[in-house]
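Right, one structure below, let's go through it.
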Amino acid sequence: MKKVFMIVLSALLLFSSTAMADSVAGKFGITARGGVGYFLNSEFTDAAVANWSVDKTIKGGTGWTGGGGFMYGINDNLSVDFDIIYEQVEVTMTHSGGTNHVFGKGKAFDFSLGAQWRFQPKKAFVPYIGAGVDFLINSFSLYDVYSASGETIDLDNTFGGHLNIGVDYFLTPHVSLNAEFRYLYSTTSDLTSKYPGESDAVVAKYDPGNITGFAGVRFFFP
């Protein structure tokens, strides 16, 4: 009975210490996380549709993301954050006969600046909502079967904004598990096809926007 009492007492002390020490006010934190995203569809130009006999829609679908960043608690409820997030997705075109072909991979580095409003900041379980602005450095790689002719692809950089909702669960006064859903809106990027000895041609409008679920960990400095 004494052992059971000591175990229960230790658990209560651990819970109380985490619950009292999870406010981020005046603290710097670092975040590392990864996730899976659903990437929005893009579109070929009318000229590309006619020349290549493909559907106008370029299908995005599921891709991978990951990254990290810094945050600072202005007060118990309000914090600001800066993240660098890498994103990639394979894209698919559909020929007029209905055959699908994965023809390349869209990639981006998202430089994201935002703010969070954190609810019940004195608890171990801290939900939050947030928003911010984003600048994306985009790139595109053709798969070998399509680049054999020497074709390369350029993508313009884009900008946009995001909305996010998430939760931090504090394991210790300085370490929390993090889960977040994030919607990224972006302007579209000109997807420019380049052949040796030929003029460059914009063949599509690429949209790097996505909806992503993240999981990771945060460490807050004392």
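Does the range 61-69 contain at least one residue that is in contact with a Pro (Cβ under 8 Å, 6 or more places away or on another chain) and crowded, with 17+ Cβ neighbours inside 10 Å?
Kept after step one, since they are in contact with a Pro (Cβ under 8 Å, 6 or more places away or on another chain), are these residues of the range 61-69: none.
There is no residue in the range 61-69 that is in contact with a Pro (Cβ under 8 Å, 6 or more places away or on another chain) and crowded, with 17+ Cβ neighbours inside 10 Å.
Can you name every one of the strands (runs of 3 or more DSSP E) wholly within the range 75-186 that holds 1 or more residues which are within 23 Å of residue 39 (Cα to Cα) and at pLDDT 95 or above?
Working: elements: 78-94, 100-118, 125-142, 152-155, 158-170, 175-186.
Here the list reads 78-94, 100-118, 125-142, 158-170, 175-186.
Is it the case that residue 65 is at pLDDT 90 or above, touching an Asp or Glu at 6+ places or on another chain (Cβ under 6 Å), over 30 Å from residue 130 (Cα atoms) and not hydrophobic (A, V, I, L, M, F, W, C)? Quick ask: steps written out before the conclusion?
Values: at pLDDT 90 or above: yes; touching an Asp or Glu at 6+ places or on another chain (Cβ under 6 Å): yes; over 30 Å from residue 130 (Cα atoms): no; not hydrophobic (A, V, I, L, M, F, W, C): yes.
For residue 65, the condition - at pLDDT 90 or above, touching an Asp or Glu at 6+ places or on another chain (Cβ under 6 Å), over 30 Å from residue 130 (Cα atoms) and not hydrophobic (A, V, I, L, M, F, W, C) - is not met.
Checking residue 123 against (1) more than 22 Å from residue 87 (Cβ to Cβ); (2) touching an Asp or Glu at 6+ places or on another chain (Cβ under 6 Å); (3) among the basic types (Lys, Arg): exactly one of these is not met. Which one?
(2)
Select from the range 98-110 the residues that are touching a residue at least 12 places away in the same chain (Cβ under 8 Å), surrounded by fewer than 17 Cβ atoms within 10 Å (Cβ to Cβ) and not basic (Lys, Arg) and list them in ascending order. Outline the logic, then answer.
If we filter the range 98-110 for residues that are touching a residue at least 12 places away in the same chain (Cβ under 8 Å), which is where we start, we get 100, 102-110.
Okay, now just the ones that are also surrounded by fewer than 17 Cβ atoms within 10 Å (Cβ to Cβ), so 100, 102, 105, 109.
Passing the criteria: 100, 102, 109.
The values are calculated or read from the model by the stated rules, or taken from the named source; none is laboratory data. Source: prediction; values computed, not measured. Please note: Cβ atoms are built from the backbone with ideal geometry, for glycine as well, and neighbour counts cover all protein chains shown.
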